[in-house]
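Below is one structure, written out as structure tokens, with a few remarks after it.
The values are calculated or read from the model by the stated rules, or taken from the named source; none is laboratory data. This structure is a prediction, so every number in the text was calculated from the model and none was measured. We place every Cβ from the backbone using ideal geometry, glycine too, and count neighbours over all the protein chains shown. The protein model used for the area step is the full one, side chains on, heavy atoms only, and it has no ligands, DNA or RNA in it. Shrake-Rupley method; radii C 1.70, N 1.55, O 1.52, S 1.80 Å.
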Amino acid sequence: MASETWSAKRCAHAHHVGSLLRPKKLVEKRVAFHTGQCTAQELRALKDEVLPGLVKLQQDVGMGVITDGEVHRDAYVQGIFETLEGMTIIPKRPLGEFMQYLPWVQMFNAMGVKEWTSVYCTGKIRRTKPVYAQDFLSLKQHVAPEDVPSLKVTICGPTWQHLSHGSEYTYDHSVYRTDGEYFADLVKAFREEIQELYDLGCRRIQFDDPGFCFFCSDAMISAMQADGINHDELLSTYIDVYNAITADRPADLVVGMHTCRGNMKGMHFAEGGYEGVAKKLLCDLDVDVYYLEYDTDRAGGLEPLRYLPTGKQVVLGLVTTKSGALESIEAIKARVHRAAEIVAGGGPKRTLEEALDQLSISPQCGFASVFEGNPITEEEQRQKLALVVEAAKEIWG
């Protein structure tokens, strides 16, 4: 088994966000499935067939964590909302029912997109069956038992639908009268899902939520203010939802949160540094690891990292997945050391060595947030992952 050699190669400070390029035959099979030319069973069989190769890719380069590449999904957000009882999938939802201030909605409007698939809450939310359990078990069988704690499951953030649709269009108001009622049942469902994954052996959960980076956009904040929306209060509400989900989690369960400014087929939707959200995000959000986009100037400077408390980790997304050009390993090392200086000088003060140990590196986002993937080849993807590992080994040893 490839994982027998992975332990020797594995670099704990070398991460990746989650999704990987799907092999061409799988992309074609998924297109065939959506056009009625193959069955769900045939699609599942091919996904199971390509999974070992994706696991081997991560093991061979020495990644610190392993995912299933999100090979079982059309897009990173897919999974939990579509599976919960009380949720109805709307394949062609009018774009007017999405929050018009959202960066990606503004871009879709500019592109002439009139409708988009979404989910609407039409009944009481209940988790009546597993969501990601089968995907985790499929991944688990391809690694040695001692490597299972390094497997990571990525999950769509719990606030995504509310961020997309606001209070008016997220749920039927004859079912839930307030956001509080809606989120209470949603929190319960997410906690149940995470508990089952934990019981199956999963020790790493990562929420994927670009919404936090959207709050970094001055354009979005201005548009929200124009609509009379208190963006600071809404951000606090979302953090409270997360904290209700992660409360009282097992000590050996590592919970991460990834945020970025968009990664659909290599496109970005927003820009803006973390300064306006950093203190709340790093101090108030009850997670263990932050996967933060830092591959371009769109993400601003490293200075907001001064708020990082002790006991938490930040994975710096310094390698882009939006193009195949390789970054300079010296530039990566310089930025990591600068980040460590900022963390060490923040509050509370800590040694440079302690600050450096709170950092890791990764690509800024996945390689295929949607199944078609980013404009990058599989070989370029491998080189990017190998670069992350090489840089991490030179920095941390």
Would you mind checking the pairs Lys47/Lys384; Lys47/Lys129; Lys29/Lys92; Lys29/Lys265; Lys349/Lys384; Lys9/Lys279 and listing those with alpha carbons more than 29 angstrom apart? Lys349/Lys384; Lys9/Lys279
Can you give me the C-alpha center-to-center distance between region 212-242 and region 249-277, rounded to a whole angstrom? 15
Near the amide H of Arg93, under 5 Å away, which other amide H atoms are found, from residues 5 or more places off or on another chain, if H is placed in the peptide plane? Trp116, Thr117, Ser118
Amide H of Tyr290: which non-local residues (sequence gap of 5 or more, or other chain) have their own amide H closer than 5 Å, using H built in the peptide plane? Met257, Gln313, Val314, Val315
When the helices in the chain are scored as -39500 (n - 2.57) per DSSP H run of 4 or longer and the sum is shared across all residues, what 222 nm value do you end up with, to the nearest 500 deg cm²/dmol? -12500 deg cm²/dmol
Ordering 256-266, 106-116 by per-residue average of other C-beta atoms within 10 angstrom, highest first, gives 256-266, 106-116
Read phi for every residue in region 189-206 and hand back ³J(HN,Hα) as whole Hz from Karplus 6.51 cos²θ - 1.76 cosθ + 1.60, θ = phi - 60°, with x for Gly and Pro. 5, 5, 4, 5, 5, 5, 4, 5, 4, 4, 4, 7, x, 6, 10, 9, 10, 10
Where Arg126, Arg177 fall by accessible area, highest first, once all protein chains stay in place (1.4 Å): Arg177, Arg126
Would the chain count as rounded, prolate or oblate if I go by the C-alpha gyration tensor, calling it rounded below 1.5 in a/c and otherwise prolate when a/b exceeds b/c, oblate otherwise? rounded
To the nearest 10 square angstrom, how much accessible area does Val153 have with a 1.4 angstrom probe? 10
From the backbone phi of region 155-160, what are the Karplus-calculated ³J(HN,Hα) couplings (6.51 cos²θ - 1.76 cosθ + 1.60, θ = phi - 60°) in whole Hz, Gly and Pro given as x? 9, 4, x, x, 9, 4
So what J values fall out for region 217-229 if you push phi through Karplus, 6.51 cos²θ - 1.76 cosθ + 1.60 with θ = phi - 60°, rounded to Hz, Gly and Pro as x? 7, 4, 5, 5, 4, 4, 5, 5, 4, 5, 8, x, 9
One would report the antiparallel percent of DSSP beta bridges in the chain, rounded to the nearest 5, as 25
Could you list which residues have their amide H under 5 Å from that of Val254, counting only those 5 or more apart in sequence or on another chain, with H placed in the peptide plane? Arg204, Ile205
What does the accessible area per residue of the chain come to in Å², with a 1.4 Å probe and no ligands, DNA or RNA counted? 40
If I stretch the segment between His173 and Glu233 completely, what's the gain in nm (0.36 nm per residue apart, minus their alpha carbon distance), one decimal? 19.5 nm
Carbon + sulfur, % of accessible area of the chain - ligands and nucleic acids excluded, 1.4 Å: 52
Would you give the gap between the C-alpha center of region 58-73 and the C-alpha center of region 77-146, rounded to a whole Å? 22
Just how far, in whole angstrom, is region 183-204 from region 301-371 if you go by their alpha carbon centroids? 28
Quick check: pseudo-label points 7 Å beyond the Cα along Cα→Cβ at Asp248 and Lys265, how many nm apart are they? 4.6
